[in-house]
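Data block below; observations after.
Quick note: the coordinates plus some simple rules give every number you see, no bench work behind them. Nothing here was measured: the structure is a model prediction, and the numbers come from that model. Neighbour counts run over all protein chains shown; Cβ positions are idealised from the backbone, glycine included.
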Amino acid sequence: MVQKILLDTNFLIDMLRYRAEFSTFQDIEGGVEFFVSSEVLREIKSIANRRTRVGRLALIALKLIDERKIKVVQSLKKTVDEDLVALAKTKGFIVATNDKNLKERLKRENVRVICLRNKKKIEVM
């Protein structure tokens, strides 16, 4: 069965910052399909307007979303973290994030989490 992975803003930007490859997901049984919420997309667009290194990474993230045809799912909540939790619980997503507080909250809600370890490897919790 294909695993549906919902990407958080910081996970996308960290993958680009540390040059992690999406091929690291190939070991997940059944394959993967990537999604972003409309709130995450809004947040990335907002960050992309900044004239900083993170802003440039956000611009690359927008191109990556387009080139990889990552699907955008309609948000259920107004804040990104609340939205990721709600979407994961209602639609069965695994959430990919490096946000410590969000990871803890997702674990309390019995939602599976993916994070980057050692800047290159993914860990499924």
Name the single residue, out of those in the stretch 81-111 being in contact with a strand residue (DSSP E or B) (Cβ under 8 Å, 6 or more places away or on another chain) and either of a type in the set (Ser, Thr, Tyr) or surrounded by fewer than 16 Cβ atoms within 10 Å (Cβ to Cβ) (or both), that is nearest to residue 23 (Cα to Cα).
97
Long-range neighbours under 8 Å by Cβ, at least six apart or interchain, first residue under 13 Å from residue 99 (Cα atoms) within the stretch 1-29, second of a type in the set (Ser, Thr, Tyr) and part of a loop (DSSP other than H, G, I, E, B):
8/97; 10/97; 11/97
Of the numbered conditions (1) in contact with a helix residue (DSSP H, G or I) (Cβ under 8 Å, 6 or more places away or on another chain); (2) touching a residue at least 12 places away in the same chain (Cβ under 8 Å); (3) surrounded by fewer than 19 Cβ atoms within 10 Å (Cβ to Cβ); (4) over 16 Å from residue 113 (Cβ atoms), residue 33 satisfies every one except a single condition; which is it?
(1)
Within the stretch 31-100, helices (runs of 4 or more DSSP H) holding 2 or more residues that are basic (Lys, Arg) and farther than 25 Å from residue 111 by Cα
53-67
